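Report on the structure given below.
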Amino acid sequence: METIFALATARGKAGVAVVRLSGPLAHAAVGKLCALPEPRQAGLRRLLWQGEVLDEALVLVFEDGASFTGECSAEVQLHGSVAVVAKVLQVFSGMDGLRLAEAGEFTRRALENGRLDLAQVEGLADLIDAETEAQRRQALRVFSGALGQRIDVWRRDLVRAAALIEATIDFADEEVPVDVTPEVRGLVSGLLASLRSERAGAVAAERVRDGFEVAIVGAPNVGKSTLLNALAGREAAITSEFAGTTRDVIEVRMDIGGLAVTLLDTAGLRDSVDVIERIGIGRAIERAQKADLRVFLLETEGETFEVEAEPDDIFALGKADQRPGVTQAVSGKTGVGVDWLISAISLRLGARAASAGLLIRERQRIALQQAIVGLEAVEQLLPSALEFPELIAVELRRSLRALEIMVGRIDVESLLDEIFSSFCIGK
């Protein structure tokens with residue numbers, strides 16, 4: 001096993017820069033620069049190399065099995081000077097047996113050494129990329145191992161059910177003293193309920209991770225673009241008094257109530273002879289229908305559009321500055337009603353985010369669905385358990401395998417390069 005090293009903090013001038021090492025030579029490499037402190041205790045040390053003082057730094061060492069990677073490792077916390085960092089990295093690169101780490105290699109070693117499961121690795125990647133409070137909380141839950149713990153419970157029940165069925169196969173020529181079918185049925189029923197509940201929260205979890213889409217829908221010149229600009233706090237969309245100015249869908253990324261939200265300013269919905277405008281209207285209808293939430297900006301109450309409204313959608317009269325005393329109206333020009341609208345959006349999306357489960361990736365959702373399909377097949381076969389125990393055993397193993405895939409215990413080698421390519425060097 002090679003010893004790797006890398007700058008674990010951002011490049012450039014900073015107060016502190018951390019260089020991380022992991023592998024069998026990590027302690028020896030740092031020991032060439034200073035006396036090592038006791039494991040897991042920070043020590044202030046003067047780093048010396050060939051008679052030259054490199055820096056005065058805090059040094060930490062971790063023993064094999066007691067570090068993030070599970071290997072002997074060390075951290076050197078330097079002053080964040082570009083020149084200091086460059087010199088220390090140059091010294092380490094000149095030592096035999098050391099090499100610069102690849103992107104995500106520290107985390108990959110943690111996975112290979114059993115310190116993290118694949119779901120935790122994906123949670124860590126999301127934690128690094130988190131831009132909103134909801135993304136941070138969700139990623140931290142997954143990184144903490146919550147999904148792996150839940151899967152361990154599911155796996156325990158699956159193994160028990162499989163063992164009971166296997167017993168009927170092993171003693172097929174003998175009289176089994178107890179009918180195992182009721183216990184297997186109870187285990188499978190409970191598992192299915194739990195897995196289906198987790199599946200229901202997968203869409204919300206994905207939206208928290210990737211962001212919700214909110215489309216502003218309405219007739220031309222009702223104030224959609226002006227409202228978008230007010231919400232964004234900048235001139236994101238061109239506004240004018242002429243209908244049909246917005247021809248394409250304009251997107252603005254925002255943080256609303258701790259959630260990542262992309263606001264969509266769509267073309268005004270009307271009958272038009274202009275070919276380009278008709279294309280824009282078609283795109284507006286398509287994006288609005290796919291959005292998680294729609295804000296219908298109305299000229300008059302009861303106005304309808306080609307876009308079908310969902311129960312959670314928000315309806316508001318536009319140009320509130322021209323409608324004194326009217327409630328549930330909004331104006332991007334004066335800001336009247338904008339706070340109410342942001343609160344309404346936050347309330348609706350927050351309720352959806354509250355139902356988010358622990359599945360943050362499409363591959364996890366697919367594996368969960370495979371487990372559910374296997375258990376549903378078991379349910380159908382259980383009335384004939386004495387005739388087809390082998391088929392039931394196959395379906396139980398299929399479900400068990402799907403759960404193992406979710407946390408990366410099997411069949412994930414092809415995914416690793418893609419996953420770790422998103423990590424920075426030093427992580």
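Specify the residue that is modelled with the highest pLDDT; the eligible residues are those in the stretch 151-186 that are among the small types (Gly, Ala, Ser) and within 20 Å of Ile372 (Cα to Cα).
Gly186
Scanning the stretch 347-379 for residues that are in contact with a strand residue (DSSP E or B) (Cβ under 8 Å, 6 or more places away or on another chain) and under 20 Å from Ala139 (Cβ atoms) yields a count of 4. Scanning the stretch 314-333 for residues that are open to solvent by less than 80 Å² (accessible area, probe 1.4 Å) and of a type in the set (S, T, N, Q) yields a total of 1.
In this structure, does Asp126 turn out to be farther than 30 Å from Ala57 by Cα and of a type in the set (Asp, Glu)? Yes, satisfied.
Among the conditions (1) among the acidic types (Asp, Glu); (2) at pLDDT 90 or above; (3) under 29 Å from Leu191 (Cα atoms), Asp96 misses just one, which is (3). Taking the stretch 15-38 as the range and being open to solvent by 50 Å² or more (accessible area, probe 1.4 Å) and either of a type outside the set (D, E, K, R) or under 33 Å from the mean Cα position of the chain (by Cα) (or both) as the test, the residues that pass are Gly15, Val16, Pro24, Leu25, Ala28, Ala35, Leu36. Considering only residues in the stretch 74-131 that are under 30 Å from Arg361 (Cβ atoms) and of a type in the set (S, T, N, Q), the one that is most open to solvent (accessible area, probe 1.4 Å) turns out to be Asn113.
The residues of the stretch 348-384 that are open to solvent by less than 40 Å² (accessible area, probe 1.4 Å) and outside any helix (DSSP H, G or I), listed by number, are Ala356, Gly357, Leu358, Leu359, Ile360. Pairs linking a residue in the stretch 363-382 that is within 13 Å of Leu403 (Cβ to Cβ) to a residue that is among the acidic types (Asp, Glu), with Cβ atoms under 6 Å and 6 or more positions apart or on different chains, are Gly374/Glu395.
Answer yes or no: is there a residue in the stretch 147-162 that is among the aromatic types (Phe, Trp, Tyr), in contact (Cβ under 8 Å) with a residue 60 or more places away in the chain, assigned to a helix (DSSP H, G or I) and buried (at least 16 other Cβ atoms within 10 Å of the Cβ). Reasoning before the result, please.
Of the stretch 147-162, the ones among the aromatic types (Phe, Trp, Tyr) are 154.
Within this subset, residues satisfying the condition of being in contact (Cβ under 8 Å) with a residue 60 or more places away in the chain are 154.
Now restrict to residues that are assigned to a helix (DSSP H, G or I): 154.
Among the residues that remain, those that are also buried (at least 16 other Cβ atoms within 10 Å of the Cβ) are: 154.
Yes, the conditions are met somewhere in the stretch 147-162.
The one condition from (1) modelled with pLDDT of 90 or more; (2) under 30 Å from Ala232 (Cα atoms) that Val338 does not meet is (1). Just so you know, in the stretch 39-55 the residues that are closer than 14 Å to Met95 by Cβ and touching a strand residue (DSSP E or B) at 6+ places or on another chain (Cβ under 9 Å) include one that is least open to solvent (accessible area, probe 1.4 Å), and it is Leu47.
Could you tell me whether Ile165 is closer than 30 Å to Glu387 by Cα and either part of a helix (DSSP H, G or I) or in contact (Cβ under 8 Å) with a residue 24 or more places away in the chain (or both)? In short, yes.
Could you run through the stretch 357-397 and say how many residues are under 26 Å from the mean Cα position of the chain (by Cα) and charged (D, E, K, R)?
If we filter the stretch 357-397 for residues that are under 26 Å from the mean Cα position of the chain (by Cα), which is where we start, we get 357-373.
Subsequent filtering for residues that are charged (D, E, K, R) retains 361-363, 365.
Result for the stretch 357-397: 4.
Filtered by the rule that a residue be within 18 Å of Glu102 (Cβ to Cβ), outside any strand (DSSP E or B) and touching a Lys or Arg at 6+ places or on another chain (Cβ under 8 Å), the stretch 4-46 gives a lone residue, Ala8. Taking the residues in the stretch 132-146 that are open to solvent by less than 20 Å² (accessible area, probe 1.4 Å), in a helix (DSSP H, G or I) and among the small types (Gly, Ala, Ser) as candidates, determine which candidate is nearest to Ile256 (Cα to Cα). Checked the stretch 132-146; the qualifying residue nearest to Ile256 (Cα to Cα) is Ala134.
If the Cβ limit is 7 Å and pairs must be 6+ apart or interchain, which residue in the stretch 302-314 that is over 24 Å from Ile342 (Cβ atoms) pairs with which residue that is in a loop (DSSP other than H, G, I, E, B) and open to solvent by less than 50 Å² (accessible area, probe 1.4 Å)? Sorted first by the residue in the stretch 302-314, then by its partner, the pairs are Glu306/Leu269.
The values are calculated or read from the model by the stated rules, or taken from the named source; none is laboratory data. As the structure is a prediction and not an experimental result, all values here were calculated from the model. Here the Cβ is made from the backbone with ideal geometry for all residues, glycine too, and neighbour counts use every protein chain on show. All accessible areas refer to the heavy atoms of the entire protein, side chains included, with ligands and DNA or RNA removed. Shrake-Rupley method; radii C 1.70, N 1.55, O 1.52, S 1.80 Å.
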